[in-house]
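> One structure, pasted below without further comment.
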Amino acid sequence: MSDPFELNDDVPFVPAKPAPAAALPPPPVWLDKLNPEQKEAVLATEGPVLVLSGAGTGKTRVLTTRLGYILSQRLAKPWEILAVTFTNRAAREMRERVAHLVGPAAEAVWLGTFHALGVRMLRRHGEAVGLRSNFTILDADDQMRLLKQLMEADDVDHKKWPAQALMGIIQRWKDRGLTPDKVSGGQGTDFAEGKALGLYRAYQDRLKTLNAADFGDLLLHCLTIFQQEPEVLKQYQQQFRYVLVDEYQDTNVAQYLWLRLLTQTHRNLCCVGDDDQSIYSWRGAEVGNILRFEKEFPDAKVIRLERNYRSTPMILAAASHLIAHNEDRLGKTLRTGHTGEVDPGAPVRVRGVWDGQEEARWVVDEIEALQRSGHKLPEIAILVRAGFQMLEFEERLITTGVPYRVVGGPRFYERLEIRDAVAYLRLIHSPDDDLAFERIINKPKRGLGDTTVQKLHQLGRAQGVSLLEAALRMVETDEIRPQARTALRAFAADIERWRSLKDAVGPSELAAQVLDDAGYTQMWQNDKSPEAPGRLDNLREFVSGLEEWENLAGFLDHVSLVMENDAQAGEDSITLMTLHAAKGLEFDSIFLPGWEEDIFPSRRSLEENGQKALEEERRLAYVGLTRARKRVHVSFAANRRVYNQWQSSIPSRFIDELPKESVQQDVDAGLYGGGSGSWGGLSEAGGTRSGAGFRKPVRMVESERWETVSRGKSEHGFKIGDRVFHQKFGYGLVEEIDGEKLAIAFEKAGRKKVLDSFVEPS
């Protein structure tokens, strides 16, 4: 006799009828472990249900228990349940938990990511959209190669119209469920002088010829099949009596349409999510899907999970007060889920510092203090708004020897663009560095392909010289074609010119000139991929960081040591990551640096999407706060070096939005003009609010920027009014003093902040 829970794709689609009430087994004992709201969400099996699950309120428990309850009560057979997650990891965890509740039946549930379930359906019905069952799923490289071929065939200039930008447009169309025949004007169709839509159509046709699909097709093709083959849709509607969706706030339009079609008949759709944690609009996520749920399903039951089992009451109060400033939300207030007398915990600590370096020192000092008191390093995390902020923290962690790991991406010096920039400097410093030569010879594209590099290797080995020296010799022969010879001669000349500069200018100025002259900066400026702006930010931060080094050799030695330390990093380390990467994680102690206007909220985001972006930035701040179990440290700097230029900063509006009773203020009253020392007055001292809720940064006048309490003399004896000389900036007058830091008005370079050890009396 066959196993009744065995999944058989050949079994006819016959809707299952619930067993009579009298035949149902008694409620499982594990329901008693749920709080009242969680239990209500589990037992509300019929009809549309929206479970608004705040951070740390047990949404995974609700989903798995609900799935287990449906199976244990025989409301449906395992293959009549569709459960959708966003990651393979979440799918594995859910299946394991359900198996713990109900045993082997969990294996037969249709449980997986949107993409995995889409593939499963397409393997069955792909012929309806021109695909055979053994179709190939292309990776990103193959997609780009195919698209570039089509653009070349259509005479599209790659430099003017990058392939990455067109691929981004096509993927956005697919995220919105738009096949080529459904794309209307004004949706990216002006790309490449109106050729975008034709290229999209050609791309889709070429994929079918290759019997291939990309990731965006996996749901797009399913939607097409459901719309064009009503019998196929009907079969799936009859099969899936219950549909459960995790992280519903992160769904895009295509995913929403797919779910809506599958649940049109029985309408047993349970969506679990948190509109306050919708932070992935740049990936195509549409927060409107969850906000419109009650409109789409007027009879829907909405259950709010507000009992948080992760964070202290102080942290919850701060997070709830902050997110309440958003207008587009369904509304809920987190409170502790623990019963009895509960320790409110430490208030959120807000620290104001002089600059980014002092911020990094303070954060790492606090981490070392926690470590000395017995706090385990893996329970500590630093969460930054943007990747370029990591450099100062990585440098400080390396200097102090505190082990760390970067989650969600490589460490700063391991990033592609930083490795490329370092390779340029390595070759300038050491012309015999063949590895550096190979890395940058065609970055950006110079028309020097593998054939040219192979010939350089042959010549280098034959004559016992470096690749650069081989290049200098080869350009005087006819071994390579004229175009390659010209490009190679120009590259070698550039290296020689930059080498002549390395002792005349500082490493920072040299790096900036090299990256600009080489066209490397321009290459990323022309790149329209989502990663390009972040790579440019990292390069600017890299150039800025080189200001701290007197010579190129010292910096390159430092990088070598950093890479060696990276290789030896162990498990007992703190975590450094972006706020986006932190969603779903939790730590005892969280550090949230850089809470300043222009950084957080991001100026770029606000300029592109206005109020909508501001609310997503606020949700991101909410996510950061709710990652913490016990302690939150927020910090901001009065001055920050941005793209190698010092500028004053004002605290993020999000600091104003934290409730005073849940916050411990640790801000030097002298950091900002106004003298109150309270962020409550910053709207008047450092900005203004508009009716739309924006605070427009107002740059303080020079006297306010440096209104730090003078401490008489600097550590090396300089006083206000002293005339001094700096090797790089020239002559100037000391205007303000803070320990070893001097604010100097230079005659030619303008106002700069420098260490007093780098100046001398004039």
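The values are calculated or read from the model by the stated rules, or taken from the named source; none is laboratory data. The structure displayed is predicted, hence computed values, not measured ones. No Cβ is skipped: glycine too gets one built from the backbone with ideal geometry, and neighbour counts run over all protein chains shown. Ligands, DNA and RNA are stripped out before the accessible areas are found, and what is left, the full protein with its side chains, is counted by its heavy atoms. Shrake-Rupley method; radii C 1.70, N 1.55, O 1.52, S 1.80 Å.
> Would you list which lysines come within 20 Å of residue 528, measuring only between C-alpha atoms, while excluding same-chain residues fewer than 8 positions from it?
Leaving aside lysines fewer than 8 places away in the same chain, those within reach of residue 528 are 148, 159, 160, 174, 195, 443, 445.
> So for the chain, taking the charge dipole from beta-carbon charges (+1 Lys/Arg, -1 Asp/Glu), which of 262, 664, 136 sits furthest toward the positive end?
My answer, from the dipole projection, is 262.
> If you roll a 1.4 Å probe over the heavy atoms of the protein chains, what accessible area per residue do you get for the stretch 113-209, in Å²?
51 Å²
> Leaving out ligands, DNA and RNA, and with a 1.4 Å probe, what % of the accessible surface on the stretch 412-549 is carbon or sulfur?
Roughly 47 percent, rounded to a whole number.
> Quote the relative contact order of the chain in percent (integer), defining contacts as alpha-carbon pairs under 8 Å separated by 6+ residues.
13 percent
> Now a separate question. Given that compact globular proteins tend to follow 2.2 N^0.38 Å, what is the ratio of the alpha-carbon Rg of the stretch 249-356 to that value?
Normalised by 2.2 N^0.38 Å, the Cα Rg of the stretch 249-356 equals 1.37.
> Based on Cβ point charges of +1 for Lys and Arg and -1 for Asp and Glu, what charge dipole magnitude is obtained for the chain about its Cα centre, in debye rounded to the nearest 20?
Using Cβ point charges on Lys, Arg, Asp and Glu, the chain gives about 1740 debye.
> Continuing with the same structure: Give me the percent of accessible area attributable to carbon and sulfur for the stretch 710-762, probe 1.4 angstrom.
49 percent
> Moving to a separate point now. Say the dipole of the chain comes from +1 at the beta carbon of Lys and Arg and -1 at that of Asp and Glu; which of 362, 252, 498 then lies farthest toward its positive end?
Sorting the options by dipole projection puts first 252.
> Still on this structure, please answer the following. Quick one: Karplus J couplings for the stretch 753-762, per residue in order, coefficients 6.51, -1.76, 1.60, θ = phi - 60°, nearest Hz, x for Gly and Pro?
Each residue's phi maps through the Karplus curve to give 10, 9, 7, 5, 6, 9, 10, 9, x, 9 Hz.
> Subtract the Cα-Cα distance of residue 227 and residue 432 from 0.36 nm times their separation in residues, and report this length gain in nm to one decimal.
Extra length available between residue 227 and residue 432 comes to 67.5 nm.
> Another question, if that's okay. Can you tell me the FRET efficiency between residue 338 and residue 107 if r is taken as the Cβ-Cβ distance and R0 is 25 Å, rounded to the nearest 0.05?
Calculated transfer efficiency: 0.10.
> Please state, to two decimals, what the Cα-based radius of gyration of the stretch 461-601 comes to when divided by 2.2 N^0.38 Å (N = residues).
1.45
> Using modelled backbone amide H atoms (1.01 Å from N, in-plane), which distant-in-sequence or interchain residues come within less than 5 Å of residue 634's amide H?
Placed amide hydrogens put 349, 350, 351, 592 under 5 Å from residue 634.
> Using 10 Å bins from zero, what percent of all Cα-Cα pairs in the stretch 401-504 falls into each bin?
Result returned by the calculation: 14, 42, 27, 12, 5, 0.
> Additional query: Restricting to bridges with both residues inside the chain, how much of the DSSP beta-bridge set is antiparallel, in percent to the nearest 5?
Here the share of antiparallel DSSP bridges comes out near 35 percent.
> Pairing the Cα long axis of helix 163-175 with the longest principal axis of the chain, what angle in degrees results, from 0 to 90 and rounded to the nearest 10?
Helix 163-175 sits at roughly 30 degrees to that axis.
> Accessible area per residue of the stretch 574-650 at 1.4 Å probe, in Å²?
I get 28 Å² per residue for this part.
> When all C-alpha to C-alpha distances in the stretch 188-234 are sorted into bins of 5 Å, what percent of pairs does each bin hold, rounded to whole numbers?
Result, from short to long distances: 5, 19, 18, 20, 19, 12, 4, 2, 0 percent.
> How many Å² of accessible area per residue for the stretch 241-286, probe 1.4 Å?
26 Å²
> Suppose R0 equals 45 Å; then what is the FRET efficiency for residue 458 and residue 190 from their Cβ-Cβ distance, rounded to the nearest 0.05?
0.40
> Under a cut-off of 17 Å between alpha-carbon atoms, report the aspartates and glutamates in cross-link reach of residue 301, not counting same-chain residues fewer than 8 places apart.
Of all the aspartates and glutamates, those that pass the test against residue 301 - Cα under 17 Å, at least 8 places apart if same chain - are 37, 40, 46, 246, 274, 275.
> Rounded to whole Hz and in sequence order, give me ³J(HN,Hα) for the stretch 307-316 from the Karplus expression 6.51 cos²θ - 1.76 cosθ + 1.60, θ = phi - 60°, writing x for Gly and Pro.
Along the stretch 307-316, the couplings run 8, 8, 10, 10, 9, 6, x, 4, 5, 5 Hz.
> Additional query: Using only the Cα atoms of the stretch 577-640, build the gyration tensor, take square roots of its eigenvalues as a ≥ b ≥ c, and label the shape rounded, prolate or oblate: rounded if a/c is under 1.5, else prolate if a/b is larger than b/c, else oblate.
The shape class here is oblate.
> What are the residues whose amide H is under 5 Å from the amide H of residue 302, where those residues sit 5 or more places off or on another chain and H is modelled from the backbone?
Amide H neighbours of residue 302: 50.
> Dipole of the chain (Lys/Arg Cβ +1, Asp/Glu Cβ -1, origin at the Cα centre): which of 544, 482, 173 lies farthest to the positive side?
Going by the charge dipole, the pick is 173.
> Calculate the spin-label point distance for residue 210 paired with residue 325, positioning each point 7 Å from the Cα along the beta-carbon direction, and give it in nanometres.
The answer from the label model is 4.7 nm.
> Express the relative contact order of the stretch 157-219 as a whole percentage, based on alpha carbon pairs under 8 Å and six or more residues apart in sequence.
Value for the stretch 157-219: 34 percent.
> Follow-up question, since we're still on this one. Quick one: angle between helix 88-102 and the longest Cα principal axis of the chain, in degrees between 0 and 90, rounded to 10, please.
40 degrees
> Which three extents, in angstrom, do the Cα atoms of the stretch 291-333 have along their principal axes, listed largest first?
36, 22, 9
> Test of understanding: what is the full-extension gain from residue 299 to residue 127, defined as 0.36 nm times their sequence separation minus their Cα-Cα distance?
58.2 nm
> Going Cα to Cα from residue 713, which lysines come in below 21 Å? Please leave out same-chain ones fewer than 8 positions away.
741, 752, 753
> Right, another one. How far, in nm, would the chain grow between residue 282 and residue 481 when pulled straight, counting 0.36 nm per residue and subtracting the alpha carbon separation?
Taking 0.36 nm per residue and subtracting the Cα distance, the gain is 67.2 nm.
> Now a separate question. Could you list which residues have their amide H under 5 Å from that of residue 736, counting only those 5 or more apart in sequence or on another chain, with H placed in the peptide plane?
743
> List, in order, the whole-Hz ³J(HN,Hα) value for each residue of the stretch 465-480 obtained from phi through the Karplus relation with A = 6.51, B = -1.76, C = 1.60 and θ = phi - 60°; use x for Gly and Pro.
10, 6, 5, 5, 5, 4, 5, 4, 6, 6, 5, 8, 10, 10, 5, 10
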